[in-house]
Amino acid sequence: MNIIKKFTLASMKNNRRWTLVTAIGIIISVAMLSAIATLTSSFLSYIIENEKIGNGDWHVRLQHPDQNELKMKVDQPFVDTASWQQVLGFVQVNDPDQSSKPYLQVTALDSPGFIQQYIRVIKGRFPLAKGEIVMTEEQAKAYKIGDQITLNLSLRTLNGEVVPAEFGYMRTQDIASDGTITETVEILEQAVDYRFTLVGIIEDSSKTYIPAINAYTFYDSSLAAHYDPIVSIKLTPLRQSTLIEMKEVYKNSENMSMTVNSSLLRYYGMIDNQEISTALAGLIAIIVMIVMVASIALIYNSFSISLSQRTRQLGMLSSLGATKAQKRSNVFLEAFYLSMFAIPVGILFGIIGISLTLTFVEPLFRSFVTTSATLKLVVWWQLIFAATGISIITIALSVWIPALRASHISIMDSLMQRKDIKISARSIKTPRWIRWIFGLEGDLALKNLKRSKKRFRSTVISLTVSIVLFISVSYFMSSLFGLAKVEYENTNYDLYVQLLDSTAESATTRIDRLRNSDYVNKFQSSRIISARSYYEELPIAPITQQLYNEGFLAKSLQLPIIVIDDISFNSFLEQINGNPSMFTKDSNNVIALNIAKDSYNNKRYTGKVLDENPFTVNVELTHSESGEITKNTKLNIVSFTDKAPMGYSASMFFRVVLITNQESVASLMDNEILRYDIYMESKNDQLHEVEIREYLNESDGVRFFINNMKSEYRNISNTILVMEVFVYGFIILISLISVMNIINTITTNVQLRRKEFAMLRSVGMTPQSFDKMVRFESVFYGLSSLMFGFPISLLIIALINQTMSDGFIVDVQIPYGSFVFVTLLIFTLVFITMSYSVARIRSDNIVDALKMDI
Amino acid sequence: MEILRVENCSKIYGAKEAQVIALNDVSFSVKQGEFVAIVGPSGSGKSTLLHILGGVDRPTSGKVFVDQTDIYALNESKLAIFRRRHLGLIYQFYNLIPILDVQENIMLPALLDRQRPSQQHFDDLVATLAISNRLLHLPNQLSGGQQQRVSIARALINQPALVLADEPTGNLDRQNSSEIISLFRLLNRKYKQTVLIITHDATIAQNADRIISLEDGKIISDEVRKI
């Protein structure tokens, strides 16, 4: 081993603590890069798997009437695997007017085909021989495994033309010259009987746009089929040039059709996809840049500090005749040794970290995606190599300047440690008021910071980066998701069911049945009568008048009458202290929901719409469907409230919700359609929803629509949570780098000043004023970083607002919470680091410290 | 008047076999205005003694009274305050604070005490030490001799009971050394300042009123001279 290597290793060992600190810095940086790589590969794999499940795992499909011709085509070097399939034909199983899946489609697949198409067997097995078939449970319900099935398979045609198997159900309309419309639909022709043996039950995987449910048999080249055979090819190697070569080869093939699975291939980069790749690459590049900058700051700092500690030894080396190159290699060697250890560890940590994150996130993730693809840890070694490369570049960049400096240090300077004490009076000049306000301790603290300006600056920069990242990202997250969240948080119900019934009697029965479900916590059914009046005729509140004058409102005010069932209406009256005796038969008495939240011209308005004195108003009733005026009548607005019934939150300035019971407006509802809005609070929204669906599906003569607000909200919350896990994970890691940086800087700063501290104590500085001085240093670190961090954060918040307010109305709300949080965090952090490093020094023996070399 | 009394001071480093007895039951006292030189070969315990007298290192056993105060009965803060008011320490390597200018370095013990020393005393001191024209310089802009004079001024600014100097000329050339020693002598006479100097320079010792010789942690001679 040559002497430089020996010297490097020895000095690393000697400064074990320091070496460890530097190594941890490198490990964190590398771990982040490897985490980014692993996350990228895991997500891309997820997307790719998703794509394969949806569309099959193939790259190109060729279809040709002649099987032998196809076989010859496939014999090419770029074909990795080829799997065969052929649609035998269709048989009608449902009424095309009733069902979106009128047919059963039998497709023959070879063994690889079953895997490529992601077909899953629930019971039994895959077909392994000619004449064996697998079907969905629904289609096979009349049979059991082992049964013989005869299917009469046909060709789909429309006006005598063959309809390709993958086309949707065909209908055409012809308009004759006399204006009559004739509709033609596709038909099945050339029926042939096929005999199959049922060997298994599969999961239904048929795509929504194909008008058929799938059944599969085993592929055999001797099969007679209605459709041309198809060969699905997987290409090799997965490069853009392969695709070009293939297209060239197949260019002039007659009668052959070729389909490229572009939605899959674009993820392999074989097809240019500007949007996806630039957006993704851009995002990754930004994150990688942030990580690199933070890492360089950290690693550079570590090395330059360890260098200044070793200046003396380097000087000694060169006084003994070490060349510049030798001195430089000392620093590079140190970097090399550290990297040998820290890079593999960092890579491992990154992968482990993402693996843990994914295990945590996967169940949440699954709750809002509907595919069977799983989000699992996937490591692409190419990306890990790239991460390693970037790490090496980062380390090299960080070491370059310290290495150069090492080679330039003059012998005398380093022996005398002159570099460290080269201070000019001007550079450490502090304003007079500092001593006035903060005392000698404060002044000393500030002078200390000014002396090591570079270190101070790099610490402040890393603190500032953390502050800005935290505030702006958390603001971005909250404003992005806040909108979505607020909307759901304002809803006061879990399930909404809309019923369109044929008779009032059956509606009553059904509503009673729904009301009596065990899952119901709170229940309200209502009908709506549309009515309107004119602002000119109404006693309106000043704010409404203002909006009306400014032209934001039309002439008429919408006055929908919400007619609530008796039970709910009574409890609503109780809630608002209303008088039940007023709402008698045909009284036309109503309550106005007289609070409006609305926005005009990007400004928010909240207030009363109407003057709060009971009055009678002439209204025009309109029919819910036709919109025609059905009646003119008078309504008595007898009371006002700002409490909304279930399903409503507030009125608008152009629409005031009126609430009443059935009795009061019975005569107004004669001609209305039987539409009921049912709002429920539920004990278990999911089971409840299933119960309602089952019940209403079995009922005749009713149309319905169900909206499960609670599960929508749950999904949104989970999506937000997943995003937050990733984003805050990233911030925490970046902050960790900053923290390391701060710890580095502060501890060495303190270490290097041990002698000075001892000196101050020997001339009679008390432990209290020593602590005070150190605390002031911490405060100055904190203040300076907040001084830069806050304005920059505010600027970014303004920018985010600017971008988000296009199309949205966003209240500009300064996130005081995060500012306070960050302030506390920064000060705690700096104080802890300072106290930790100083505590070690305070127990120093003054005499020993004074005798120290550095 | 007795300004310093050392009673049975011992200092032992390490334990058991590795034990080193740096000071072995040392007792002596010094009167106000005395100029004492402590001499002895290296390892004789003279620096240890000086540090114990200066209140920066604790004796393993024994007591030190400075101006009638048992300094090791004080807690750390009180001792620090006592140090800055009643003791002046001067080191071989000056130990000036590099970020403070000369004036601030000199005033440091006073500033730590939130006091302003009398301007007259300060002016007189810097004039005597010939550093009046260097007051706004930083320590690294001064020569070794000048730095040592600054540290002497710092030791004297609070008019301490006792000035302790640890090889004050050890880092200086002969010319500067003799200048510094003459200064000590001058200050001793002018301000009636009690001075204890550690040295192994015989010519310096010759300037002292009293020479205490140490060997293996024990006083082997205590010679009062008449000059």
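The values are calculated or read from the model by the stated rules, or taken from the named source; none is laboratory data. Please read these numbers as outputs of a predicted model, since none were measured by experiment. Using ideal geometry, Cβ is built from the backbone for each residue, glycine included, and neighbour counts are taken over all protein chains shown. Ligands, DNA and RNA are stripped out before the accessible areas are found, and what is left, the full protein with its side chains, is counted by its heavy atoms. Shrake-Rupley method; radii C 1.70, N 1.55, O 1.52, S 1.80 Å.
Each residue of the range A:607-624 was assigned a 3J(HN,Hα) from its phi angle through the Karplus curve 6.51 cos²θ - 1.76 cosθ + 1.60 (θ = phi - 60°); the sequence is x, 7, 8, 10, 5, 8, 10, x, 8, 10, 10, 7, 10, 9, 8, 10, 6, 4 Hz, with glycine and proline shown as x. Solvent-accessible area per residue in the protein assembly as shown equals 47 Å², computed with a 1.4 angstrom probe and all protein chains kept.
For B:Ser61, the residues whose modelled amide H falls within less than 5 Å of its own, excluding neighbours fewer than 5 places apart on the same chain, are B:Ser10. Amide H to amide H, with H built 1.01 Å from N, A:Gly124 comes under 5 Å of A:Ile201, counting only residues 5 or more places away or on other chains. In summary, the lysines within cross-link reach of B:Lys63, defined as a Cα separation below 20 angstrom excluding same-chain residues under 8 places away, comprise B:Lys11, B:Lys31, B:Lys46, B:Lys78, B:Lys218. Phi angles of the range A:159-166 translate, via the Karplus equation with coefficients 6.51, -1.76, 1.60 and θ = phi - 60°, into HN-Hα couplings of 6, x, 9, 6, 8, x, 4, 8 Hz per residue; Gly and Pro are given as x.
Relative to the longest principal axis of the Cα atoms of chain A, the long axis of helix A:3-14 makes an angle of roughly 70 degrees. A:Met289 contributes an accessible area of around 110 Å² to the protein surface, as traced by a 1.4 Å probe with all chains present. Positive end of the dipole of chain A (Cβ unit charges, origin at the Cα centre): among A:Val774, A:Asn707, A:Ser99, the Cα lying farthest that way belongs to A:Val774.
For chain A, the residue among A:Leu153, A:Asn255, A:Tyr728 whose Cα projects farthest onto the positive side of the dipole built from Cβ charges is A:Tyr728. Each peptide in A:79-88, B:177-186 was scored by the mean count of other Cβ atoms within 10 Å over its residues; highest first, the order is A:79-88, B:177-186. Shown for the range A:577-674 is the translational diffusion coefficient from the Stokes-Einstein equation, using the Kirkwood radius over Cα pairs, a temperature of 25 °C and a viscosity of 0.890 mPa s: 167 µm²/s.
Before rounding to the nearest 500, sum -39500 (n - 2.57) across all DSSP H runs of length at least 4 in chain A and divide by the residue total; then give [θ] at 222 nm in deg cm²/dmol. Calculated at 222 nm, the ellipticity per residue is -17500 deg cm²/dmol.
So which trypsin sites (Lys or Arg not before Pro) in the range B:46-79 are both in a DSSP loop and have at most 11 other Cβ atoms within 10 Å of their Cβ? Qualifying residues, ordered by number: none. Where a Cα-Cα gap under 25 Å defines reach, which lysines qualify for A:Lys73, not counting those fewer than 8 residues away within the same chain? Result set, ordered by chain and number: A:Lys52, A:Lys130, A:Lys234, A:Lys247, A:Lys251. The smallest convex shape that holds all Cα atoms of the range B:48-197, its convex hull, gives 111 Å³ per residue. Compute the long axis of helix A:453-489 from its Cα atoms, compare it with the longest principal axis of the Cα atoms of chain A, and write down the angle in degrees, 0 to 90, nearest 10. Tilt of helix A:453-489: around 10 degrees. Where in the range A:637-670 is the amide nitrogen less than 14 Å from a point lying 7 Å along the Cα-to-Cβ axis of A:Asp566? A:661-666, by backbone N distance to the label point. The A:Tyr836 and B:Ala130 beta-carbon pair, evaluated with R₀ = 35 Å, returns a calculated FRET efficiency of approximately 0.20.
Calculation over all alpha carbon pairs of the range A:1-160 in 5 angstrom steps from 0 returns a P(r) of 1, 6, 9, 11, 12, 10, 9, 6, 5, 4, 4, 5, 4, 4, 4, 3, 2, 1, 0 percent. For the range A:165-260, state which chymotrypsin sites (Phe, Trp or Tyr not before Pro) are in a DSSP loop and have at most 10 other beta carbons lying within 10 Å of their beta carbon. Taking the range A:165-260 and a limit of 10 other Cβ atoms within 10 Å, the loop chymotrypsin sites (Phe, Trp or Tyr not before Pro) found are A:Tyr209.
For chain B, the mean residue ellipticity at 222 nm estimated from helices alone is -10000 deg cm²/dmol, where every DSSP H run of n ≥ 4 contributes -39500 (n - 2.57) and the total is divided by all residues, rounded to the nearest 500. Can you list residues whose amide H is under 5 Å from A:Ala108's amide H, if they're 5+ apart or on another chain and H is modeled 1.01 Å from N? Sorted by chain and number, the residues that satisfy this are A:Gln86, A:Val87, A:Leu88, A:Thr217. Couplings for the range A:669-683, taken from phi via the Karplus curve 6.51 cos²θ - 1.76 cosθ + 1.60 with θ = phi - 60°, read 9, 3, 8, 6, 6, 8, 9, 10, 9, 10, 10, 9, 9, 10, 6 Hz in order; Gly and Pro are left as x.
For the pair B and A, how large is the buried accessible area, both sides, in square angstrom to the nearest 100, if the probe is 1.4 Å?
Adding both sides of the contact gives about 2600 Å².
If you line up the long axis of helix A:16-55 against the longest principal axis of chain A, both from Cα atoms, how many degrees apart are they, to the nearest 10? That helix lies at roughly 20 degrees to the long axis. Summarising the label geometry, the points placed 7 Å from Cα in the beta-carbon direction at B:Lys31 and A:Lys123 lie 12.0 nm from one another. About its Cα centre, the protein assembly as shown has a charge dipole of approximately 8440 debye under the convention of +1 per Lys or Arg Cβ and -1 per Asp or Glu Cβ, with nothing else charged. Note: relative contact order over the range A:171-287, using C-alpha pairs below 8 Å and six or more positions apart, is 12 percent.
On full extension, the segment bounded by A:Phe167 and A:Ser556 gains 135.1 nm, given 0.36 nm per residue less the C-alpha separation. At q = 0.04, 0.05, 0.09 Å⁻¹, what is the log10 ratio I(q)/I(0) for the protein assembly as shown, with the Debye formula run over Cα points and no solvent? Reported log10 I(q)/I(0), two decimals: -0.43, -0.62, -1.14. Here's the list of lysines a cross-link from A:Lys327 could span, going by alpha-carbon distance under 16 Å and ignoring same-chain residues fewer than 8 apart: A:Lys5, A:Lys6.
Between A:Leu397 and A:Val520, what length comes free when the chain is fully extended (0.36 nm per residue of separation minus the Cα-Cα distance, one decimal in nm)?
Here the segment from A:Leu397 to A:Val520 would lengthen by 37.7 nm.
Peptide B:45-51 has a mean of 1 when you count, residue by residue, the C-beta atoms of other protein chains within 10 Å of its C-beta. The equivalent ellipsoid of the range B:1-121 has semi-axes of 28, 17, 15 Å, largest first, where each one is the square root of 5 times an eigenvalue of the Cα gyration tensor.
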